[in-house]
Amino acid sequence: MFEVIKGFALAMMLVLTQLASAADDVSRDKIKGLDEQVQDIKQDVLAISTELLQLEEKLIYPSNTQVSVFVSMAADQNRRVDSVDIRVDGEDVMHHVYTHKELEALQSGGVQRIYTGNVRAGQHQLEVIVSGENFQETASHTFNKEQGPRLVEITLFESGNTINFKDR
């Protein structure tokens with residue numbers, strides 16, 4: 001009788017071990033499935049966020065009134081720029097103080113969109129003040145805003161001038 005009970009207990013332990021192993025596999029599969037679902041949801045949220053930002057920009061800055069100002073630095077320049085101030089038609093619209101990393105990015109050929117705003121069609125005056133280590137330069141540029149977006153590029157330290165303008 002003892003042998004039968006011992007055999008029965010052994011069989012029960014084997015069955016319980018197999019059940020525990022199956023439950024462990026099931027929960028691992030469920031966890032893996034949940035991780036994949038979470039990653040998919042994160043990707044969807046990022047895509048929706050990007051779309052919302054684009055829609056917001058189109059709503060706030062419609063293309064028929066939009067003007068964007070970009071800043072770049074001529075190649076091989078190691079001059080230190082501390083800040084850039086921008087005025088459109090005499091109104092202060094942007095003041096940007098550069099971090100070390102932003103300045104490094106500009107010096108290595110990066111381009112920064114420093115300002116985006118709305119202006120009516122017609123002629124406008126853009127004034128830029130660049131401040132840096134041991135210098136401050138001011139330059140102005142007149143641009144004509146027509147239907148559609150308008151781009152103005154400011155290049156620093158190109159052709160001997162501190163501030164150069166290009167309309168696009």
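The values are calculated or read from the model by the stated rules, or taken from the named source; none is laboratory data. Bear in mind the structure is a predicted one, so any value in this text is a computation, not a measurement. For neighbour counting, all protein chains shown are included, and Cβ atoms are generated from backbone atoms with ideal geometry for every residue, glycine included. Please note that ligands, DNA and RNA were not included when accessible areas were found on the heavy atoms of the full protein model with its side chains. Shrake-Rupley method; radii C 1.70, N 1.55, O 1.52, S 1.80 Å.
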**Asked** Taking the Cα-to-Cβ direction at residue 167 and at residue 97 and moving 7 Å from each Cα, how far apart do the two end points lie in nm?
**Response** 3.5
**Asked** Taking only C-alpha pairs under 8 Å that are 6+ residues apart, what is the relative contact order of the range 54-168 in percent?
**Response** 34
**Asked** Under a 1.4 Å probe, what is the accessible area of the range 84-129 per residue, stated in Å²?
**Response** 58
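Anything over 31 Å Cα to Cα? Flag those among 32/58; 101/166; 32/101; 58/101, in the order listed.
Working: 32/58 40 Å; 101/166 25 Å; 32/101 39 Å; 58/101 29 Å.
Checking Cα-Cα distances, 32/58; 32/101 exceed 31 Å.
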**Complete:** With a Förster distance of 45 angstrom and the Cβ-Cβ distance between residue 142 and residue 47, calculated FRET efficiency to the nearest 0.05 equals 0.65
**Asked** Considering amide H positions built from the backbone, and no H for Pro or chain starts, which residues 5 or more places from residue 115, or on another chain, come under 5 Å of its amide H?
**Response** 69
**Message:** Need the full-extension length gain, residue 58 to residue 108, defined as separation in residues times 0.36 nm minus the C-alpha distance. One decimal, nm.
**Reply:** 15.0 nm
**Message:** Rounded, prolate or oblate for the range 54-123? Axes are the square roots of the Cα gyration tensor eigenvalues, ordered a ≥ b ≥ c, and the cut-off for rounded is a/c under 1.5.
**Reply:** prolate
